[in-house]
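What follows is a short report on a single structure.
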Amino acid sequence: MTHYQQILKIQTTGKSLCKITPKIEDAVANSGIKTGLCTLFLRHTSASLVIQENADPDVLKDLANFLAKLVPEGDRYIHDAEGPDDMPAHIRTALTHTSEQIPIDRSRLLLGTWQGIYLWEHRQRGYIRELVVHVSGIRSEFVPR
(Lines give C-alpha, C1' and ligand atoms only; values in the text may rest on other atoms or scores of the structure.)
Protein backbone atom coordinates (compact mmCIF):
# COMPACT_ATOMS: atom_id res chain seq x y z
CA MET A 1 0.00 0.00 0.00
CA THR A 2 1.32 3.42 -1.00
CA HIS A 3 0.38 6.76 0.54
CA TYR A 4 0.60 10.22 -0.98
CA GLN A 5 -0.29 13.48 0.70
CA GLN A 6 -0.58 17.04 -0.57
CA ILE A 7 -1.87 20.21 1.07
CA LEU A 8 -3.74 22.50 -1.29
CA LYS A 9 -4.19 26.19 -0.51
CA ILE A 10 -7.47 27.42 -1.90
CA GLN A 11 -8.41 31.09 -1.99
CA THR A 12 -12.11 31.65 -1.44
CA THR A 13 -14.02 34.78 -2.41
CA GLY A 14 -16.42 34.94 0.51
CA LYS A 15 -19.64 33.06 1.02
CA SER A 16 -19.83 30.71 -1.97
CA LEU A 17 -19.30 27.18 -3.26
CA CYS A 18 -15.95 26.85 -5.03
CA LYS A 19 -15.57 23.88 -7.39
CA ILE A 20 -12.32 22.10 -6.53
CA THR A 21 -12.78 18.84 -8.48
CA PRO A 22 -9.97 19.60 -10.99
CA LYS A 23 -7.49 20.35 -8.18
CA ILE A 24 -8.33 17.01 -6.51
CA GLU A 25 -8.08 15.16 -9.83
CA ASP A 26 -4.61 16.66 -10.35
CA ALA A 27 -3.49 15.55 -6.88
CA VAL A 28 -4.76 12.00 -7.53
CA ALA A 29 -2.93 11.91 -10.88
CA ASN A 30 0.28 13.19 -9.21
CA SER A 31 0.05 10.44 -6.60
CA GLY A 32 0.63 7.71 -9.17
CA ILE A 33 -1.91 5.53 -7.37
CA LYS A 34 -4.08 3.49 -9.73
CA THR A 35 -6.57 1.93 -7.29
CA GLY A 36 -7.37 3.20 -3.83
CA LEU A 37 -9.05 5.90 -1.82
CA CYS A 38 -8.80 9.69 -1.81
CA THR A 39 -9.48 11.25 1.57
CA LEU A 40 -10.04 15.00 1.77
CA PHE A 41 -9.78 16.94 5.02
CA LEU A 42 -10.45 20.67 5.31
CA ARG A 43 -8.45 22.21 8.17
CA HIS A 44 -11.04 24.82 9.17
CA THR A 45 -14.15 25.25 11.32
CA SER A 46 -15.97 27.86 9.26
CA ALA A 47 -15.88 26.24 5.81
CA SER A 48 -16.83 22.77 4.61
CA LEU A 49 -16.72 20.22 1.80
CA VAL A 50 -19.65 18.88 -0.19
CA ILE A 51 -20.05 16.54 -3.12
CA GLN A 52 -22.92 17.93 -5.14
CA GLU A 53 -24.54 18.56 -8.53
CA ASN A 54 -21.99 19.85 -11.04
CA ALA A 55 -24.23 20.66 -14.00
CA ASP A 56 -26.99 23.03 -12.89
CA PRO A 57 -25.70 26.01 -10.84
CA ASP A 58 -29.23 26.57 -9.50
CA VAL A 59 -28.72 23.56 -7.23
CA LEU A 60 -25.80 25.31 -5.53
CA LYS A 61 -27.79 28.54 -5.21
CA ASP A 62 -30.70 26.66 -3.64
CA LEU A 63 -28.37 24.92 -1.18
CA ALA A 64 -26.78 28.20 -0.17
CA ASN A 65 -30.18 29.88 0.22
CA PHE A 66 -31.53 26.99 2.28
CA LEU A 67 -28.56 26.97 4.65
CA ALA A 68 -28.70 30.77 5.01
CA LYS A 69 -32.34 30.51 6.10
CA LEU A 70 -31.67 27.53 8.37
CA VAL A 71 -28.74 29.29 10.09
CA PRO A 72 -29.26 33.05 9.80
CA GLU A 73 -26.60 35.59 10.63
CA GLY A 74 -27.20 38.23 13.27
CA ASP A 75 -26.76 39.17 16.91
CA ARG A 76 -28.52 36.11 18.36
CA TYR A 77 -25.28 34.22 19.10
CA ILE A 78 -22.95 34.45 22.10
CA HIS A 79 -19.81 33.76 20.03
CA ASP A 80 -19.30 36.72 17.70
CA ALA A 81 -15.59 37.44 18.12
CA GLU A 82 -15.12 37.92 14.37
CA GLY A 83 -18.49 39.45 13.53
CA PRO A 84 -22.08 38.43 12.89
CA ASP A 85 -21.09 35.68 10.43
CA ASP A 86 -18.73 33.99 12.92
CA MET A 87 -20.96 31.56 14.83
CA PRO A 88 -23.32 30.91 11.90
CA ALA A 89 -20.26 29.78 9.88
CA HIS A 90 -19.34 27.30 12.63
CA ILE A 91 -22.90 25.93 12.77
CA ARG A 92 -23.04 25.57 8.97
CA THR A 93 -19.77 23.64 9.07
CA ALA A 94 -21.13 21.36 11.82
CA LEU A 95 -24.17 20.59 9.63
CA THR A 96 -22.07 19.71 6.59
CA HIS A 97 -18.63 18.00 6.38
CA THR A 98 -14.97 18.82 6.75
CA SER A 99 -13.91 15.52 5.18
CA GLU A 100 -14.90 13.30 2.27
CA GLN A 101 -13.71 9.98 0.85
CA ILE A 102 -13.82 9.08 -2.83
CA PRO A 103 -12.74 5.74 -4.35
CA ILE A 104 -10.11 5.74 -7.10
CA ASP A 105 -9.92 3.40 -10.08
CA ARG A 106 -7.36 3.71 -12.92
CA SER A 107 -6.04 6.92 -11.29
CA ARG A 108 -9.47 8.58 -11.54
CA LEU A 109 -11.96 9.64 -8.91
CA LEU A 110 -15.06 7.46 -9.08
CA LEU A 111 -17.48 10.36 -8.87
CA GLY A 112 -20.88 10.04 -10.49
CA THR A 113 -21.61 11.80 -13.77
CA TRP A 114 -23.27 14.78 -12.07
CA GLN A 115 -21.04 14.98 -8.98
CA GLY A 116 -18.47 17.66 -8.26
CA ILE A 117 -16.41 18.44 -5.15
CA TYR A 118 -16.90 21.89 -3.63
CA LEU A 119 -15.29 23.88 -0.88
CA TRP A 120 -18.11 25.78 0.79
CA GLU A 121 -16.98 29.07 2.30
CA HIS A 122 -19.37 30.08 5.09
CA ARG A 123 -17.78 33.45 5.95
CA GLN A 124 -18.57 36.79 4.31
CA ARG A 125 -15.00 37.51 3.29
CA GLY A 126 -12.54 35.29 1.47
CA TYR A 127 -9.82 33.25 3.14
CA ILE A 128 -6.98 31.00 2.10
CA ARG A 129 -8.22 27.54 3.10
CA GLU A 130 -6.00 24.49 3.52
CA LEU A 131 -7.20 21.16 2.19
CA VAL A 132 -5.29 17.95 2.93
CA VAL A 133 -5.52 15.46 0.07
CA HIS A 134 -4.46 11.98 1.20
CA VAL A 135 -4.39 9.24 -1.43
CA SER A 136 -3.76 5.64 -0.45
CA GLY A 137 -3.73 2.54 -2.59
CA ILE A 138 -1.64 0.62 -5.06
CA ARG A 139 0.33 1.87 -8.04
CA SER A 140 0.17 -1.38 -10.01
CA GLU A 141 -2.29 -1.82 -12.87
CA PHE A 142 -2.99 -5.34 -11.64
CA VAL A 143 -5.54 -5.45 -8.84
CA PRO A 144 -6.36 -8.87 -7.36
CA ARG A 145 -10.12 -9.34 -7.16
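The values are calculated or read from the model by the stated rules, or taken from the named source; none is laboratory data. Being a predicted model, the structure only gives us computed values, none of them experimental. Note that each Cβ is placed from the backbone with ideal geometry, even for glycine, and that neighbours are counted across all protein chains shown. The accessibility values were calculated without ligands, DNA or RNA, using every heavy atom of the protein model including side chains. Shrake-Rupley method; radii C 1.70, N 1.55, O 1.52, S 1.80 Å.
List of remarks:
- Helices in the chain, meaning DSSP H runs of at least 4 residues, each add -39500 (n - 2.57). Divided by all residues, the mean residue ellipticity at 222 nm is -7500 deg cm²/dmol.
- Reach of LYS61 by Cα under 29 Å, taken over lysines that are not fewer than 8 positions away in the same chain: LYS9, LYS15, LYS19, LYS23, LYS69
- Amide H to amide H, with H built 1.01 Å from N, ARG129 comes under 5 Å of ILE10, GLN11, THR12, counting only residues 5 or more places away or on other chains.
- Candidates ARG43, ARG123, ARG76, ranked by Gaussian network fluctuation over the chain, Cα under 10 Å, top entry: ARG76
- 14 Å beta-carbon shell around THR21, net charge (K/R +1, D/E -1): -1
- Cβ crowding within 10 Å averaged over residues, with 14-21, 60-67, 31-38 ranked highest first: 31-38, 14-21, 60-67
- If only the Cβ of Lys and Arg carry +1 and only the Cβ of Asp and Glu carry -1, the dipole of segment 19-145 around its Cα centre is close to 520 debye.
- In the chain, taking the dipole from charged Cβ atoms about the Cα centre, the farthest positive-side position among LEU131, SER107, HIS97 is held by SER107.
- Whole-number accessible area per residue in Å² for the chain, which is evaluated in the context of all protein chains at 1.4 Å: 57
- Judged by the ratio a/c of the largest to the smallest principal axis of the C-alpha gyration tensor, the chain counts as prolate, that ratio being 1.5 or greater while a/b is larger than b/c.
- For segment 37-77, a simple Cβ point-charge model (Lys and Arg +1, Asp and Glu -1, everything else neutral) yields a dipole of about 220 debye relative to the Cα centre.
- The fraction of accessible area contributed by carbon and sulfur in the chain is 53 percent, rounded to a whole number (1.4 Å probe; ligands and nucleic acids excluded).
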